[in-house]
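Trainee: Sharing a structure, written as structure tokens. Questions coming.
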Amino acid sequence: MKNGRDIDVITAAVKERIPDVQIEQWVKMDPTDDDGLWYFRRGDVKGEIQLESSSGNCPFVIESDAMKSSAQAVTAPTPDEAVKLVTEYLGSLKA
């Protein structure tokens, strides 16, 4: 049985690979809102990528601001795939 949620594994791995990453979880304003949304950014670099999962576990729906619409969202079935997608996107951003 695993300990913790996949999002905890993902955020730790991304922080290890990209030390200047900023991670923010959506703060729900209404009790019916879903707070299973995390934003990943790099310092003053423009651009962000988000992971969404109500449970904080895989699979995650992943979208970035580089996508033209939500139809381009991808699904990460494992924490390793989520880390790969987040680090590749954030690594491609330029100041």
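Trainee: Solvent-accessible area per residue for the chain at a 1.4 Å probe radius, Å²? Before the final figure, lay out each step's value.
Mentor: Details: 5980 Å² over 95 residues.
So the chain comes to 63 Å² accessible per residue, rounded to a whole number.
Trainee: Taking a probe of 1.4 angstrom, what is the accessible area of residue 15 in Å², to the nearest 10?
Mentor: Approximately 110 Å² of residue 15 is accessible to the 1.4 Å probe.
Trainee: Right, another one. Suppose only helical runs count, i.e. DSSP H with n ≥ 4. What mean residue ellipticity at 222 nm does that imply for the chain under -39500 (n - 2.57) per run, divided by all residues and rounded to the nearest 500 deg cm²/dmol?
Mentor: Details: 2 runs with 26 residues, N = 95.
So the helix-based figure for the chain works out to -8500 deg cm²/dmol.
Trainee: How high is the relative contact order of the chain? Use alpha-carbon pairs under 8 Å, at least six apart in sequence, and give a whole percent.
Mentor: It comes to 26 percent, rounded to a whole number.
Trainee: Considering the values (i) 9.0; (ii) 5.6; (iii) 6.8, which represents mean projected area of the Cα convex hull in nm² as calculated for the structure under consideration?
Mentor: The value matching this structure is (iii).
Trainee: Select from segment 1-93 those GluC sites (Glu not before Pro) which occupy a DSSP coil region and have at most 16 other Cβ atoms within 10 Å, ordered by residue number.
Mentor: none
Trainee: Could you give the dipole magnitude of the chain about its Cα centre, charging the beta-carbon of Lys and Arg +1 and that of Asp and Glu -1, in debye to the nearest 20? Display every interim value, and only then the final one.
Mentor: Numbers: 11 positive and 17 negative charges, 65 e Å.
My answer is approximately 320 debye.
Trainee: Turning to a different aspect of this structure: Over the chain, with every protein chain in place, what whole percent of the accessible area is carbon and sulfur at 1.4 Å, could you tell me?
Mentor: Details: 3050 of 5980 Å².
Summing carbon and sulfur atoms, their accessible area is 51 percent of the total for the chain.
Trainee: While we're on this one: Could you tell me which of the pairs 28/94; 28/68; 46/68; 15/84 are separated by over 20 angstrom between their Cα atoms in the structure shown?
Mentor: On the way: 28/94 31 Å; 28/68 25 Å; 46/68 16 Å; 15/84 12 Å.
Among 28/94; 28/68; 46/68; 15/84, the Cα-Cα distance tops 20 Å for 28/94; 28/68.
The values are calculated or read from the model by the stated rules, or taken from the named source; none is laboratory data. Because the structure is a prediction, the values reported are computed rather than measured. Virtual Cβ from ideal backbone geometry, glycine too; neighbours counted across all protein chains shown. What goes into the accessible areas is simple: the full protein's heavy atoms, side chains included, and nothing from ligands, DNA or RNA. Shrake-Rupley method; radii C 1.70, N 1.55, O 1.52, S 1.80 Å.
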